[in-house]
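Only one structure is covered here, and it is reproduced in the block below.
The values are calculated or read from the model by the stated rules, or taken from the named source; none is laboratory data. Just so you know, these numbers come straight off a predicted model, no measurement behind them. All Cβ positions, even for glycine, are placed from backbone atoms using ideal geometry, and neighbour counts span all protein chains on display.
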Amino acid sequence: MDEYRGKTNLFSKIVIISFLVGLAYLTLRGKLPIFIIISYIVMGIVTYTIYYIDKSRAINDEYRVSEQILHTLSLLGGWMGALLAQQRLRHKNRKLSFQITFWITVIVHISMLVWRVWY
């Protein structure tokens, strides 16, 4: 699948790094337990892996992972892995309805982080 490898754009890197820095800041300040950061990292890896499997199945014309499952994984904290997979694997990055729903999940997570910083 190396021929399908894309590059992660700067905007995505900034969003992911900023979010992780925000989580680390809140953890160091005692506002979030460490397992939150660990959960995001684990869910990101799981989600990236599921995207990889789905991309492989798409290439081989096999049974696919549903978009609902992909969105659920993002909503459960795997959005960083999903974002990386969408760009690195060039998977699910062109379908507008999918992207709208995906970015809503990202906004939800960023909003929760911002809310936690301010309150």
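A few comments on the model shown:
- Scanning the stretch 41-64 for residues that are touching a residue at least 40 places away in the same chain (Cβ under 8 Å) and over 20 Å from residue 94 (Cβ atoms) turns up at least one hit.
- Any pair with Cβ under 8 angstrom, 6 or more apart, that starts in the stretch 91-119 at a residue that is in contact (Cβ under 8 Å) with a residue 24 or more places away in the chain and ends at one that is in a helix (DSSP H, G or I) and exposed (fewer than 13 other Cβ atoms within 10 Å of the Cβ): none
- Any chance residue 13 is closer than 19 Å to residue 108 by Cβ and either modelled with pLDDT under 95 or touching a Phe, Trp or Tyr at 6+ places or on another chain (Cβ under 8 Å) (or both): no
- Whenever a residue of the stretch 65-80 is modelled with pLDDT of 95 or more, its partners that are among the basic types (Lys, Arg) and part of a loop (DSSP other than H, G, I, E, B), lying with C-beta atoms within less than 8 angstrom and at least six residues away or across chains, give the pairs 67/92; 70/92.
- When residue 47 is tested against the conditions (1) surrounded by 13 or more Cβ atoms within 10 Å (Cβ to Cβ); (2) more than 15 Å from the chain's Cα centre (by Cα); (3) among the β-branched types (Val, Ile, Thr), the lone failure is (2).
- Exactly one residue out of 69, 107, 41 is out of contact with any helix residue (DSSP H, G or I) (no Cβ under 9 Å at 6 or more places or on another chain) and surrounded by fewer than 17 Cβ atoms within 10 Å (Cβ to Cβ): that is 107.
- The stretch 50-63, subset surrounded by 14 or more Cβ atoms within 10 Å (Cβ to Cβ) and not β-branched (Val, Ile, Thr), residue nearest to residue 105 (Cα to Cα): 51
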